[in-house]
Amino acid sequence: MSQMEVSKRRRFLLFCFLPTTILVSGAFLLGSVIIATDYEERLSGQIAINATKIAGAKVCQAHCRPDDGEALPRGIVSRTSDLDLRSLRGPLIREAATKSQSTMAADGVCNKISRVPDSVWVSRSTQPESDLTLKKRGTSTNLLAIAAGIKQKESVNKIVTKFRSSDFVIMLFHYDGMVDDWRDLEWSSQAIHVSAMDQTKWWFAKRFLHPDIISEYDYIFIWDEDIGVEHFDVGKYLSIIKEEELKISQPALDPNNSVVHHLLTLRDSTSKVHRRIHKRLGVRKCDGNITGPPCSGWVEIMVPVFSKAAWRCAWLMIQNDLIHGWGLDELLGYCVKGNRTQNIGIVDQEYVAHHAVPTLGGSPKDQAPLVSTQDMERDEVMKRYFYELRIFRRRRHKAVQEDECWVDPY
């Protein structure tokens, strides 16, 4: 083959394969661009999906699901309860989810209630024939809780009898273990009995009156046992505090039959309700310049009455290890979400007597100790009162100093 023929063959091959090569290369490059673009789109989409999932997870975390409810759909989680007795038999009354339950679920409130210790005994006595019977009687909308010892059985019976005709759940905190001795009273079988030896009203309240448990009750009465109720009508009292928009209140004390520790709590016979006093208390003069305790915005922890919202705040203030509750009354004004000089008050029209009978720190029912021994026991209890008050005030001061976000409204 001549050199000219070889040259012609090479040019022929070049012209034949060059376009094909260019087409193949172009197709490869185009395919690479398409694949790269698709990959980028997919990667971008995956990043967006992951970001959405992370954002959703943060939202879920913000809703604060309880540890034991993470595997459950939100609608099946029941965060609140009540103290109404339920029947073992008969038709069941189906009711829609309560407002407080649905609201709390939406807000993501999660509160944990610790297990009741074995040393605490809770009794639910005879129940009505059915939930239908209970419904006909009317579901209770208020709660009366009393720390009770058998020595004050007669006094407690008079108190409960006053409340029975109204719309109340009755709950007794037995600090002496004498539960069975109350069974002869007509109302005892419909009451809730909780027993723990030598514990105070506030110890019981912190453990058994959690705001979620009693969220169905409009008003919570947490009373001592040594109260005279001859001049007290609970129905009229409720009407007054609703009319006056009192979130925290107490009945006034009968000046002729009461041991009085604070002048603000004395009954004013010329008034239906009073919210402050204008007197000199020791070195302090209660005048228009003082708008806080003990001149106004204050009730005693002996017979307080809380709205459900005020109780949620007050319950949070109760220190788990400070069982006497001293110091709480100084801060209750922060729990009314408004003007404490208006939303806290003393009801004069319906008043009680405070007999101030010493109970805790005394002797068992069947034991009659020497007077000196009983006095020594009471002295030790009183020392604990003041010791706890100092600790509470120190904790409050420390909390105010450390919480940079909290602003004192007063």
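Per atom type, the stretch 290-341 shows carbon and sulfur on 59% of its accessible surface, probed at 1.4 Å. In a fully extended conformation the segment linking ASP321 and ARG393 would gain 24.5 nm over its present Cα-Cα distance, using 0.36 nm per residue. Each Lys or Arg adds one and each Asp or Glu takes one away; over the other residues whose Cβ falls under 14 Å from the Cβ of ALA252, this sums to -3. Ordered from highest to lowest accessible area with the whole protein assembly present and a 1.4 Å probe, ASP321, ASP212, ASP180, ASP268 read as ASP180, ASP321, ASP268, ASP212. By the Cα gyration tensor, the stretch 136-236 has an equivalent ellipsoid whose semi-axes, rounded to whole angstrom, run 19, 17, 13 from largest to smallest. Shape summary: the stretch 245-337 maps onto an equivalent ellipsoid whose semi-axes, from the alpha-carbon gyration tensor, are 22, 15, 14 Å in decreasing order. Annotation: GLU245 carries an accessible surface of approximately 110 Å², with a 1.4 Å probe and no ligand, DNA or RNA atoms counted. Rolling a 1.4 Å probe across all protein chains gives SER307 an accessible area of roughly 20 Å². Among the protein heavy atoms of the stretch 161-287, carbon and sulfur supply 45% of the accessible surface, probe 1.4 Å, non-protein parts ignored. In terms of accessible area, using a 1.4 Å probe and ignoring ligands and nucleic acids, TYR175, TYR217, TYR410 rank largest first as TYR410, TYR175, TYR217.
The values are calculated or read from the model by the stated rules, or taken from the named source; none is laboratory data. Please read all numbers here as calculations on a predicted model, not as lab measurements. Here the Cβ is made from the backbone with ideal geometry for all residues, glycine too, and neighbour counts use every protein chain on show. For the accessible areas, the whole protein counts, side chains as well, though only heavy atoms, and no ligand, DNA or RNA atoms are used. Shrake-Rupley method; radii C 1.70, N 1.55, O 1.52, S 1.80 Å.
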